[in-house]
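Contents: one structure, followed by commentary.
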Amino acid sequence: MLNAADLTALWLTLQLAALTTGILLVLGTPLAWWLSRSHWRFRFMVETLIALPLVLPPTVLGFYLLLALGPHGWLGTLVQTLGGEPLAFSFQGLLFGSVIYSLPFVVQPLQDTFHGIGRRPLEIAATLRAGPVDRFFNVVIPMARGGYITAAMLGFAHTLGEFGVVLMLGGNIPGETRVLSIAIYDHVERLEYAQAHLLAGGMLLLSFCMLLTVYSLRGRLQLVRL
């Protein structure tokens with residue numbers, strides 16, 4: 001059975017994943033749209049920065065985020081100047097780090113989806129006197145529904161499994177930064193394998209189901225296009 005501390009870690013993890021996914025869908029949509037349409041010669045530099053968390057060790061990313069968000073870091077100093085609390089070792093700091101860490105898992109599926117839509121549907125909508133905003137919300141968004149589902153599930157699942165970034169940036173503060181991955185690590189350290197199995201097995205099952213849905217959806221969309 002899960003104890004109170006584990007239930008708190010579960011709730012905190014779900015909150016973090018949901019908020020991260022929501023923020024990334026809002027921020028990632030215009031970024032992915034620009035990347036799919038831009039002909040800027042240095043666009044590859046933006047794509048490289050977005051994809052960096054895919055290859056950068058999480059502890060390295062967490063370390064530099066900790067330096068930036070700490071009380072003496074440039075972002076931490078800016079937040080304190082504006083009257084806020086230091087972001088390091090706080091839930092808000094974890095949220096910021098999670099957005100950076102999961103960014104490519106949302107932006108890249110959206111970018112591929114927008115690119116696959118092409119220009120023809122927008123040109124047809126333009127002939128019907130639909131403005132740019134109307135074309136985007138009434139043509140692009142409905143056609144990109146599958147891409148949004150994929151991006152949301154990948155972003156959510158990736159955030160669930162964070163360890164290196166949250167450990168470096170948030171530490172292990174119960175009720176504040178102790179998420180499921182940290183709770184599993186704590187149980188293993190104390191040789192409490194039954195509790196670790198319960199938490200890890202639940203995350204494994206959830207991740208498998210989400211990926212199963214993503215690949216099933218991708219296969220159906222490919223059949224529809226054929």
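Every read-out reported here was derived from the displayed coordinates using simple, explicitly stated rules and does not represent laboratory data. Just so it is clear, the model here is predicted, and its values are computed rather than measured. Every residue, glycine as well, gets a Cβ built from its backbone with ideal geometry; the counts of neighbours run over all protein chains shown.
Distance between Cα centroids, region 1-51 to region 102-180: provide it in whole Å. What the calculation gives is 7 Å, centre to centre. Take each peptide in 33-44, 13-24, count the other Cβ atoms within 10 Å of every residue, and average; sorted highest first, the result is 13-24, 33-44. Does region 105-226 come out rounded, prolate or oblate, given a ≥ b ≥ c as the square roots of the eigenvalues of its C-alpha gyration tensor, rounded meaning a/c under 1.5 and, failing that, prolate meaning a/b above b/c? Prolate is the answer for region 105-226, as a/c is 1.5 or above and a/b outweighs b/c. Between helix 43-55 and the chain there is an angle of about 30 degrees, using the helix long axis and the longest principal axis of the Cα atoms. Take the Cα of Tyr64, step 7 Å along the line toward its Cβ, and report every residue of region 21-57 whose backbone nitrogen sits under 12 Å from that point. The answer is 49-57, whose backbone nitrogens lie closer than 12 Å to the label point. How far is helix 145-160 tilted off the main Cα axis of the chain, in degrees rounded to 10, range 0 to 90? On a 0 to 90 degree scale, this one is about 10. Measure nothing fancy, just the Cα-based angle from helix 4-37's long axis to the longest principal axis of the chain, in degrees from 0 to 90, nearest 10. Roughly 30 degrees, rounded to the nearest 10.
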